[in-house]
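What follows is one structure encoded as structure tokens, with my remarks underneath.
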């Protein structure tokens, strides 16, 4: 009587530990995903490389604390005026800015909306001093500012860089947590724990959606809700057309956000499949491939956060 040979996936050479039943072979799907991720690596490498080139080639005085981005620095010494508060005489301060300061009504409104970080654009020292005296007489709390120039907006410098690093650092931690739940989802289905797999997939979707929600909130704050000093934007809002830095920021984070959105949609489809019992210890490649994509998106964000926000 013939003895059946052991299944290749469970065959154990003498003196060796048993090979797990869920040891993943190299499948066409996995090869296709790795090729796709290779193209994504090239895409983000080009995107990040372009950012580095733009930053390295930015003129030494492209950004300043008292002039709009990319404004040529005038010859001679100039001063800006930082308005901390307008006191109880808002209209008097606005009138001084219009008459003595020679500012248009929209410029006056932008400056006053940015208080306590409202900056009157740089002008010759004597004119700046005369204007500051009249602003103080009108009840404003002011301070003369010396010209400071930068080739690129420095992190944590509120005069030229509006990015909320603390908020984004917390959001980065949120996204990293989603990689943990994705690993737990794959491990659960490999052990045959279908309910736990569905639970961790849902947690990953929820955490990824939270990341996107915080990013949308950040975009709204930057583009519409806050009024920033003139060194950040001529109109007080940080938008793609505000400066080269703003264009780079929205392009890079926007493309990444689109990838996260695609990942959330993909994981939602995988989650629905898990509810219908489509995955098991011998059929889990869909969960694994979705996880590889998600980990790639997380890794890219860590790089972008470091380069755009911290350096």
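The values are calculated or read from the model by the stated rules, or taken from the named source; none is laboratory data. For clarity, every value in this text was computed on a predicted model and none was experimentally measured. Here the Cβ is made from the backbone with ideal geometry for all residues, glycine too, and neighbour counts use every protein chain on show.
Would it be correct to say that residue 238 is part of a loop (DSSP other than H, G, I, E, B), out of contact with any strand residue (DSSP E or B) (no Cβ under 9 Å at 6 or more places or on another chain) and at pLDDT 95 or above? Taking the combined requirement at face value, the residue satisfies it. Exactly one residue out of 26, 33 is within 30 Å of residue 281 (Cβ to Cβ), at pLDDT 65 or above and in a loop (DSSP other than H, G, I, E, B), and it is 26. On the stretch given as the range 51-63, residues that are under 23 Å from the mean Cα position of the chain (by Cα) and touching a residue at least 60 places away in the same chain (Cβ under 8 Å) total 7. The set of residues from the range 111-130 being touching a strand residue (DSSP E or B) at 6+ places or on another chain (Cβ under 8 Å), in a helix (DSSP H, G or I) and more than 11 Å from residue 83 (Cβ to Cβ) comprises 125, 128, 129.
Hey, does the range 261-272 have a residue that's touching a residue at least 40 places away in the same chain (Cβ under 8 Å), at negative phi and out of contact with any helix residue (DSSP H, G or I) (no Cβ under 7 Å at 6 or more places or on another chain)? Within the range 261-272, not a single residue is touching a residue at least 40 places away in the same chain (Cβ under 8 Å), at negative phi and out of contact with any helix residue (DSSP H, G or I) (no Cβ under 7 Å at 6 or more places or on another chain). Quick one: would you say residue 230 is in contact with a strand residue (DSSP E or B) (Cβ under 8 Å, 6 or more places away or on another chain) and at pLDDT below 95? Answer is yes for this residue.
Among the residues that make up the range 193-206, is at least one of them within 30 Å of residue 96 (Cα to Cα) and free of Cβ contacts under 8 Å to residues at least 60 places away in the same chain? No - not one qualifying residue is present in the range 193-206.
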